[in-house]
Amino acid sequence: MKTEKTETEQHLPEHVIFMNMCMLCDGDRVLALDKTGSGYSGTTFPGGHVEAGETFTEAVIREMREETGLTIHHPVLRGIYHWYRDGLHNIGLLYRADSYEGTLKSSEEGQVYWILRAEYEKKKLAAGMPQVLQIMDDDNLTECFEERQADGSFLGRLF
């Protein structure tokens, strides 16, 4: 049973982790990352954590360069994907970019490769990616909040 929070409890600051993800487009292709690792796997877009002292834009440009070898230009913020885990509010900023330079190379995060956008959606997508794609495609959607259901499953609510 949920108890009501006092007014003071409702306004306490949260502990937050900021992350990013970028859908890099090249015509009708997108850059896919087949993520490997124990915590998060499947096909996703490159991205990662925001480091202390970085702006969000600097962080997504750095993460893209580290994970793909490409330097993106003019990333556009498309929305937010967030959830709670272990008492932390995890906030992922979702970017899209259409301009880049460099030579594509994979990293320890997983293999990166170009794939037709229509084919991307048929891959075994990482958790939350269907909602991310909806945000990327729909100018009226800007947020997804993932919450754990009573049965242990997760539900991503779009706004």
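Quick look at the numbers
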| quantity | calculated |
| --- | --- |
| Residue match in region 104-111 (condition: charged (D, E, K, R) and at pLDDT below 95) | yes |
| Residue tally, condition in contact (Cβ under 8 Å) with a residue 24 or more places away in the chain, open to solvent by 60 Å² or more (accessible area, probe 1.4 Å) and part of a loop (DSSP other than H, G, I, E, B), over region 122-159 | 4 |
| Those residues of region 132-144 which are more than 12 Å from the chain's Cα centre (by Cα) and of a type in the set (A, V, I, L, M, F, W, C), in sequence order | Leu141 |
| When residues of region 16-53 are limited to those that are surrounded by fewer than 14 Cβ atoms within 10 Å (Cβ to Cβ) and among the polar types (S, T, N, Q), the one modelled with the lowest pLDDT | Ser38 |
| From Glu101, Glu66, residue being acidic (Asp, Glu), surrounded by fewer than 21 Cβ atoms within 10 Å (Cβ to Cβ) and under 16 Å from the mean Cα position of the chain (by Cα) | Glu66 |
| Residues being in a strand (DSSP E or B), open to solvent by 30 Å² or more (accessible area, probe 1.4 Å) and under 19 Å from Ser41 (Cβ atoms) - total across region 110-121 | 2 |
| Lone unmet requirement of (1) free of Cβ contacts under 8 Å to residues at least 60 places away in the same chain; (2) farther than 17 Å from Gly39 by Cβ for Arg85 | (2) |
| Residue in region 138-158 that is within 22 Å of Gly37 (Cβ to Cβ), touching a strand residue (DSSP E or B) at 6+ places or on another chain (Cβ under 7 Å) and of a type in the set (A, V, I, L, M) present | no |
| Extreme residue, most open to solvent (accessible area, probe 1.4 Å), among residues of region 77-98 that are part of a strand (DSSP E or B) and among the charged types (D, E, K, R) | Arg85 |
| Matching entry among Glu63, Glu51, Glu58 (being assigned to a loop (DSSP other than H, G, I, E, B) and out of contact with any Lys or Arg (no Cβ under 7 Å at 6 or more places or on another chain)) | Glu51 |
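Here's the yes/no breakdown for (1) over 25 Å from Gly87 (Cα atoms); (2) among the basic types (Lys, Arg); (3) touching a residue at least 40 places away in the same chain (Cβ under 8 Å):
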| site | (1), (2), (3) |
| --- | --- |
| Pro13 | no, no, no |
| Phe18 | no, no, yes |
| Tyr40 | no, no, yes |
| Gly53 | no, no, no |
| Glu67 | yes, no, yes |
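The values are calculated or read from the model by the stated rules, or taken from the named source; none is laboratory data. Please read all numbers here as calculations on a predicted model, not as lab measurements. No Cβ is skipped: glycine too gets one built from the backbone with ideal geometry, and neighbour counts run over all protein chains shown. We work out accessible area using only protein heavy atoms, side chains counted, and drop any ligands, DNA or RNA first. Shrake-Rupley method; radii C 1.70, N 1.55, O 1.52, S 1.80 Å.
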